Amino acid sequence: MIDQKQMRIIGIAHNWAIALLLIIGILLFIFSLISGSDTYGGGLSGLTKNSPNSIPWIILLVLVIIARKNYAWGGFLLLIFGGMITYYFNFRGGNLFVSTFIFCLTVVFLSLVILFTGAAISKHKKDNESR
């Protein structure tokens, strides 16, 4: 049986993982939107033409919102997304950058934290309802 102190720690870990993924997603969305706009002439038209580069990070943000509402599905989808970006950004081409690899593994690790802490929170809620 999980006591209240352990549940508090699990809840804090769960909220921190979601917050970190949200911050990472927002920062990468802004970076990917702005970073290549100069090659398209800059300004609003450059941002518009460069906007497809930010699609993966919009997906990450949507998945984080799903994970906030539904622990199991959100954590599972984030885990799949983390595996896909790890493969796509690191093993698909000839480039393997340590920083990109660490970032992708961070997404995978945080999705596992969300998945397991969400499962513990759901189990605790279900146990309390059955009493």
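Numbers at a glance
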read-out: Label-point separation in nm, Thr100 to Ala119, each point 7 Å along Cα→Cβ; value: 3.1 nm
read-out: Between region 1-75 and region 114-131, the Cα center-to-center distance that results, in Å; value: 25 Å
read-out: Point-to-point label distance, Ile34-Tyr87, nm (Cα→Cβ direction, 7 Å offset); value: 3.3 nm
read-out: Extension reserve of the Ile26-Leu44 stretch, reckoned as 0.36 nm per residue once the Cα distance is removed; value: 4.6 nm
read-out: The chain: angle of helix 4-35 to the longest principal axis, Cα-based, in degrees nearest 10; value: 10 degrees
read-out: Region 1-67 - percent relative contact order, Cα under 8 Å, separation 6 or more; value: 34 percent
read-out: Kirkwood hydrodynamic radius over Cα pairs of the chain, then Stokes diffusion coefficient at 25 °C and 0.890 mPa s, in µm²/s; value: 152 µm²/s
read-out: Acute angle (nearest 10 degrees) that the helix 98-130 long axis makes with the longest principal axis of the chain, alpha-carbon atoms; value: 30 degrees
read-out: Helix 71-86 axis, angle to the chain major axis (alpha carbon atoms, nearest 10°); value: 30 degrees
read-out: Contour excess over end-to-end distance, with Cα ends at Asn128 and Ile66 and 0.36 nm allotted per residue; value: 19.9 nm
read-out: Extension gain from Ile55 to Asn15, taking 0.36 nm per residue of separation minus the Cα-Cα distance; value: 12.0 nm
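A short reminder: the numbers here are calculations on the coordinates, not readings from a lab. Since the model is a prediction, treat every value here as computed from it, not as a measurement. Heads up, the Cβs are rebuilt from the backbone with ideal geometry, glycines too, and the neighbour counts pull from every protein chain shown.
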